1. Applying 1/(1 + (r/R0)^6) with R0 = 45 Å to the Cβ-Cβ distance of B:Gln104 and A:Ala54, what FRET efficiency is obtained, to the nearest 0.05?
2. Using 7 Å Cα-to-Cβ label points, what is the A:Arg17/B:Ile77 separation (nm, one decimal)?
3. Report the full-extension gain for the segment A:Arg68 to A:Trp194: residue separation times 0.36 nm, less the Cα-Cα distance, to one decimal in nm.
4. Could you give the distance between the Cα centres of region B:69-131 and region A:15-32, to the whole Å?
5. Only Lys, Arg, Asp and Glu count, each charged at its Cβ (+1, +1, -1, -1), so figure out the dipole size of region B:94-213 about its Cα centre, rounded to 20 debye.
6. Rounded, prolate or oblate, given the Cα gyration tensor of region B:71-208, with a/c below 1.5 counting as rounded?
7. Is there a quick way to get the dipole size of region A:162-213? I mean about its Cα centre, with the Cβ of Lys and Arg at +1 and of Asp and Glu at -1; what is the value in debye to the nearest 20?
8. Measuring from a point 7 Å out along Cα→Cβ, what nm distances, shortest first, does B:Gly123 have to its partners in the other copies?
There are 2 protein chains.
Amino acid sequence: MAQTGGAEKSGSRASMREETERAILDAAEVVFAEKGFGGATMQAIADSCGLPKANLHYYFASKEKLYRRVVERIFTIWLEAADSFETEGSPDVALRSYIARKMQLSREHRYGSKVWANEVMHGAPIIQDYLETNLRSWTETRVTVIRRWIDEGRVRPIDPRWLLYMIWATTQHYADFAHQIETLNHGPLDDAQWAGATETVCDIILRGIGIDSDPPA
Amino acid sequence: MAQTGGAEKSGSRASMREETERAILDAAEVVFAEKGFGGATMQAIADSCGLPKANLHYYFASKEKLYRRVVERIFTIWLEAADSFETEGSPDVALRSYIARKMQLSREHRYGSKVWANEVMHGAPIIQDYLETNLRSWTETRVTVIRRWIDEGRVRPIDPRWLLYMIWATTQHYADFAHQIETLNHGPLDDAQWAGATETVCDIILRGIGIDSDPPA
DNA sequence: CGGCACCTTGACTGGTTGGTCAGGTCTGCT
DNA sequence: AGCAGACCTGACCAACCAGTCAAGGTGCCG
């Protein structure tokens, strides 16, 4: 047999390659998330996407290069979500949409979030440069915006960094600690619970920094 | 040479044993936190506490048994801290002392927190029973207390679970994501920053759930 | 059809790791 | 002193893992 590629039809050679790479990346994301970089094996990833191990090495030269690609892909998604933190609108809208988006990401990209958390916890050996460039500049922009809101009296005077950390921590917790949450919940959160959690997180944080949402109270 | 045991004086045989075990556990906690279970090697732990690898196996039969002991020790500390969530006093005092204690733990037991996070992220293969017994009963107790506060009108109506998760997430973030925070901060947080972060976290959460602290506003 | 570039894979290898063990050392007791 | 049991450790081993390779397959172009 050949062109194992899965259950794919025949696309162009390039698109076939993309599909295979994506399948490997998807499998690798789950395995790296569940086992960590050191605990993950190329064999486990190969089994997970139904390819022989040697085939993985054809597409990705080494385990580390594969891992790097997984992390880079996650960071891209993270950056896109970061755009939902509008710097133009009102704090109410900006923060609510940002928090809601991050909660959604935690639900839809649990494994990606875990890989990111693992990477940072282990000292970010692979993505230190991302932290120092992209993440730092993004953060500084938002800190400036929040400071302006504070100066305008729209937000209580707080250090914006502690607020951002709280948002990151709380939203990502629903992905990274999903197992703990599901244990306490006797099963996965349902739609209503996700909506409730998102709403509660928004409310506590907005009230906490002195924003009275729902103007007509 | 013998009785390498470090720079210890000669204590009783039993206390010597305890000291050695503690030294191994301390080293193991750091290595497991930084490398994960799969990425950690017995050799690295041995080097870290200046003992030959074979000696580790004299005190701990296997890598997994050593890891289990590390996690159990962390859970004990976690449980002690949980007691600072008083179920008798006012919500203001109970939550403030609990949050402050958890922030302090994040600062003083960064590696323990990371090991715990790793364990939960990987599906809690070792400590699932702890989650289902100790953590669940602790949580249910506090949920009941918070519900009572809500019924008494002392706290805004919210699902207590989302509040607890927010507290856990935010406080533990300062340990688990310390590397990211320190990168953005251009260095470790100093005493004033830790105090400020703790204060801000307390304020946002208490205000967020409708508690007006500092009664005389 | 012939040739070429790309893809697939079973079998192999060099290096690492968890764990073992035999033999040595030290301590406390009689 | 002499002995027993706890403690220490260098050397070793079987298992495993990332990465290699050569042989073979497949589609596409002229």
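The values are calculated or read from the model by the stated rules, or taken from the named source; none is laboratory data. Keep in mind that what you see is a predicted model, and the values were worked out from it rather than measured. Every residue, glycine as well, gets a Cβ built from its backbone with ideal geometry; the counts of neighbours run over all protein chains shown. Side chains included, ligands, DNA and RNA excluded: accessible areas come from the protein's heavy atoms. Shrake-Rupley method; radii C 1.70, N 1.55, O 1.52, S 1.80 Å.
1. Numbers: r = 51 Å, r/R0 = 1.13.
Efficiency, rounded to the nearest 0.05: 0.30.
2. Modelled inter-label distance: 5.0 nm.
3. Contour length minus the Cα-Cα distance gives 42.3 nm.
4. Centre-to-centre distance over Cα atoms comes out at 37 Å.
5. Roughly 280 debye for region B:94-213.
6. Values: a/c = 2.03, a/b = 1.16, b/c = 1.75.
It comes out oblate by the Cα gyration axes.
7. Values: 1 positive and 7 negative charges, 39 e Å.
For region A:162-213, the charge dipole is close to 180 debye.
8. Copy-to-copy label distances at B:Gly123, shortest first: 2.9 nm.
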